[in-house]
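First the structure, in the form of structure tokens, and then the observations on it.
A short reminder: the numbers here are calculations on the coordinates, not readings from a lab. Just so we're clear, the structure is a prediction, and the values are computed from it rather than from any experiment. Backbone-built Cβ (ideal geometry, glycine too); neighbour counts: all protein chains shown.
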Amino acid sequence: MNEDRANPRTLAIHGDHDPSVADIAPPIHLSSTYRAADSDEFARIAEADRPSRFYTRYGNPTVARAERLVAGLEGCNSALMFASGMGAVATTALSLLSAGDHVVAQRDHYMGTLRLLTEMLPRFGVSHTLVDQTEAGAFADAMRPETRLVIVETPSNPMLKVTDLAAVAALARARGALTLADNTFASPVNQRPSEHGIDLVVHSATKYLGGHSDLLAGVLCGPSGLVDRVWSQAIVLGACSNGFDAYLLLRGLRTLPLRVERQSETALTLARHLETRAGVARVHYPGLASHPQHRLAAHQMTAFGGVLSFELAGGGSAARAFVDALDLVANAVSLGGVETLASHVGSMWHAGAAEGQGAIPAGLIRLAVGLEHPDDIVRDLEHGLAAAQSA
């Protein structure tokens, strides 16, 4: 199969094909270690980069298949799987940065990444500047001679702001810095940052890539030279994955394009509905014409994803009443699964708020859309809105 020409729906099913294996479903390699035929082979494998059959912290055949498939979907030539999305982000940062280096990142970002930037990396002598991602010029103003990495996330969590990937990539390249984009909210179905010049792409594979709320994993994608550089540090830091989790990821990836397409359609339907409802002060979703960056989102995305957020006019008390009244929609964190989830952002962000993080509206609800029929989700949201107005 010519992977460069394959539609993502076809690539998701055949992109990890191994002609040496007859199994239709990929075999699960659970062994932690592998036998060498002789001393010479052992020495060759022990010195090799990313061997798939030496020791599972170094590599695993099932993990290698999952990595190959995600890399293909992202339009990259290499990928590295981790035990979690934060394992991928933290290991990448620690691999690429040294004392005295500087990072530019956006202010609206997943709180785990912000805590890495504001609490952990400064202990190792790495400084940072947080900027408004909606202003490309803010990235330019924040760059220093010692800037080595620019980290972006688009659309951002939880306010669904959009970053101009091409502008940031061009700016960083001109200044000699690398770029890292968190593509979790969009997925490679809706957005491929490498096509806009971004060097490295990271995912919480727990979300859309896995798609069934039963997997914790992360993936880094990019050029083989950079990914191998991160691998050399990953085997020391130990945030590695395993054969069973890789199998779950492969299973989820088979239906990724179909799931994301439907979730994106439903999310747009719900966003338009919520814009009309009394008690909803504002809806944040880049697919809406009212979104201040809708034109940019339409330029760099093929669809707008399955996550939206909205502000209830009644503030925090209304938001808590809203989630308490839901039945079909679960009050839970995470996103990208087949079930719709809602969370009061203030309740979960408060405990892990990071320095420099943008203000979160008290009445903000994040809605991660699943695969239920839109009419059933709307019906449940109406129950929540009625409770919020009575709070």
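Per 0.36 nm of contour for each residue apart, how much would the distance between residue 244 and residue 390 grow if the chain were fully extended, relative to their Cα-Cα spacing?
Values: separation 146, 0.36 × 146 = 52.56 nm, distance 4.72 nm.
Residue separation times 0.36 nm, minus the Cα-Cα distance, leaves 47.8 nm.
Loop-only check: which GluC sites (Glu not before Pro) in segment 138-239 are DSSP coil with at most 16 other Cβ within 10 angstrom?
Working: sites: 146, 153, 195; in loops: 146.
Of the GluC sites (Glu not before Pro), the ones in loops of segment 138-239 whose Cβ has at most 16 other Cβ atoms within 10 Å are 146.
Can you pull the one-decimal nm distance between simple spin-label points at residue 138 and residue 170, each 7 Å off the Cα toward Cβ?
Roughly 2.0 nm, to one decimal.
Compute the length gained on full extension between residue 212 and residue 327: take 0.36 nm times their separation in residues and subtract their Cα-Cα distance, giving the result in nm to one decimal. Walk me through the intermediate numbers first.
Numbers: separation 115, 0.36 × 115 = 41.40 nm, distance 1.95 nm.
Taking 0.36 nm per residue and subtracting the Cα distance, the gain is 39.5 nm.
How high is the FRET efficiency from residue 36 to residue 334, r the C-beta distance, R0 45 Å, rounded to 0.05?
Details: r = 41 Å, r/R0 = 0.90.
Efficiency at R0 = 45 Å is approximately 0.65.
Please compute the length gained on full extension between residue 277 and residue 6, using 0.36 nm multiplied by the number of residues separating them and subtracting their Cα-Cα distance. Working shown, then result.
Numbers: separation 271, 0.36 × 271 = 97.56 nm, distance 4.18 nm.
Computed gain between residue 277 and residue 6 is 93.4 nm.
Can you give the angle from 0 to 90° between the axis of helix 315-325 and the longest principal axis of the chain, with both taken from C-alpha atoms, to the nearest 10?
On a 0 to 90 degree scale, this one is about 80.
Note the direction-averaged projected area, equal to a quarter of the hull surface, for the Cα convex hull of the chain, in nm². Present the calculation step by step, with values, prior to reporting the outcome.
On the way: hull surface 77.5 nm².
Over every viewing direction, the Cα hull of the chain projects on average to 19.4 nm².
Might you list the cysteines of the chain that have no disulfide-compatible partner by the rule of another cysteine's Cβ under 4.7 Å?
By the Cβ distance rule, which asks for a partner under 4.7 Å, the isolated cysteines are 240.
Sorting check: for 113-126, 263-276, which peptide has the highest mean count of neighbouring beta carbons within 10 Å, and how do the rest follow? Write out the running numbers ahead of the final one.
Details: 113-126: 17.3, 263-276: 19.3.
Result, highest mean first: 263-276, 113-126.
Can you work out ³J(HN,Hα) from phi for every residue in segment 376-389, in order, using Karplus 6.51 cos²θ - 1.76 cosθ + 1.60 and θ = phi - 60°, giving whole Hz and x for Gly and Pro?
6, 5, 4, 4, 6, 4, 5, 4, x, 5, 5, 5, 5, 6
If I model a spin label at residue 21 and residue 55 as a point 7 Å from the Cα along the Cα→Cβ vector, what separation in nanometres do I get?
So the label points at residue 21 and residue 55 sit 2.4 nm apart.
How far is helix 61-74 tilted off the main Cα axis of the chain, in degrees rounded to 10, range 0 to 90?
50
Distance in nm between label sites at residue 195 and residue 44, each 7 Å beyond Cα in the beta-carbon direction?
4.0
Per the Debye formula with a single identical scatterer at each Cα and no solvent contribution, what log10 I(q)/I(0) holds for segment 96-202 at q = 0.15, 0.19 Å⁻¹?
-0.55, -0.90
Can you give me the Cα centroid spacing of segment 5-68 and segment 142-219 in angstrom?
Each part reduced to its Cα centre gives a spacing of 26 Å.
Rank the residues 209, 226 as a footprinting-exposure proxy: fewest other Cβ atoms within 10 Å of their Cβ go first.
On the way: 209 29, 226 21.
Lowest count first: 226, 209.
Between 0 and 90 degrees, rounded to the nearest ten: what's the tilt of helix 243-253 against the longest Cα principal axis of the chain?
50
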